[in-house]
Amino acid sequence: MKFGENDDGVILLTGRSASGKSTILRLIAGLELPTSGCVSINGRTISKLTNVASRMPSWIKIGQLEDVVRPHPVIMSGKPDFDDSLQVIERIIAMGRDALHKHENENKLEGGDSAQLEVLAWDFAKLLGLDERCSLLPSQLSPSEQYMLSVACGCMVSAAPAISSRHEDDNDGGIPYPIILLDELFDTEVASTVERCNKGMTNLINCGAVIISATHRPHYFRGMSSRVVTLSGGKVLSDK
């Protein structure tokens, strides 16, 4: 299966429990290696894993993929219960800073890195419909906005490696957009909340992001999915 090429919506992984949905996400994220075959991201095959990033929040998982083209895929498995110690934009920037510290092995951030993080945080906030809510506290957001805040944080974690790996001669004017893997993230929510998240996730995809969702409720994504892969026993039953 190839993900991301010509996909202009959320890619859905469906099937009963233990059908292999979460396993595929873990393979893409670099948390596991396949027992046969191979996994490739951006045309490069994952052949080795380094240590999984530590001290990340429990709701977000990121593997350390050796020699894989940035950005790193990030698994999101639950809506976080944000405290109100930081405003929305501060929280998004802090998640990017923490991820960059981990990628840099705790090296001190350069001034340009910090500036890039702030620009990127505002970019994701705008795409996800949070730009006019950035001065609020997380508890002041609606349920759908809280989900978009968590997605913005996931985007920062995914894109952080691209910041530290850029070279002075990079003139593309931007950073690779994220690879976000949703592990039944919305399955316990009401459909209307997911529908209100539609525009933000579509905006991300239109800018180059790849979003793959393992879900038992594919109808929640009606109108924003481009592809449905149905699994059973670890095998693909259909891909359309």
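Observations, loosely collected:
- Histogram of C-alpha separations across the stretch 116-168, 5 Å bin width, %: 4, 19, 30, 21, 12, 7, 4, 2, 0
- 3J(HN,Hα) along the stretch 87-92, derived from phi through the Karplus expression 6.51 cos²θ - 1.76 cosθ + 1.60 where θ = phi - 60°, amounts to 5, 3, 5, 5, 5, 4 Hz, with x in place of Gly and Pro.
- In this structure the amide hydrogen of SER40, modeled in the peptide plane, comes within under 5 Å of the amide hydrogens of ILE46, none closer than 5 places in sequence on its chain.
- Above-threshold pairs, the threshold being 19 Å between Cα atoms, out of LYS61/LYS235; LYS21/LYS61; LYS21/LYS235; LYS102/LYS126: LYS61/LYS235; LYS102/LYS126
- Computed from backbone phi with θ = phi - 60° and the Karplus coefficients 6.51, -1.76 and 1.60, the 3J(HN,Hα) list for the stretch 189-199 is 8, 7, 4, 5, 5, 5, 4, 6, 8, 3, 4 Hz; x is used for glycine and proline.
- Karplus-based coupling profile of the stretch 207-223, in residue order and whole Hz: 8, x, 6, 10, 10, 10, 10, 7, 8, 8, 10, x, 5, 5, 9, 4, x, with θ = phi - 60° in 6.51 cos²θ - 1.76 cosθ + 1.60 and x standing for Gly or Pro.
- q = 0.19, 0.22, 0.24, 0.30 Å⁻¹, the stretch 172-226: log10 I(q)/I(0) [Debye, one scatterer per Cα]: -0.66, -0.85, -0.98, -1.38
- With DNA, RNA and ligands ignored, accessible area of VAL39 (1.4 Å probe; Å², nearest 10): 20
The values are calculated or read from the model by the stated rules, or taken from the named source; none is laboratory data. Note that this is a predicted model, so its numbers are computed, not measured. Protein only, heavy atoms only, side chains kept; ligands, DNA and RNA dropped before computing areas. Shrake-Rupley method; radii C 1.70, N 1.55, O 1.52, S 1.80 Å.
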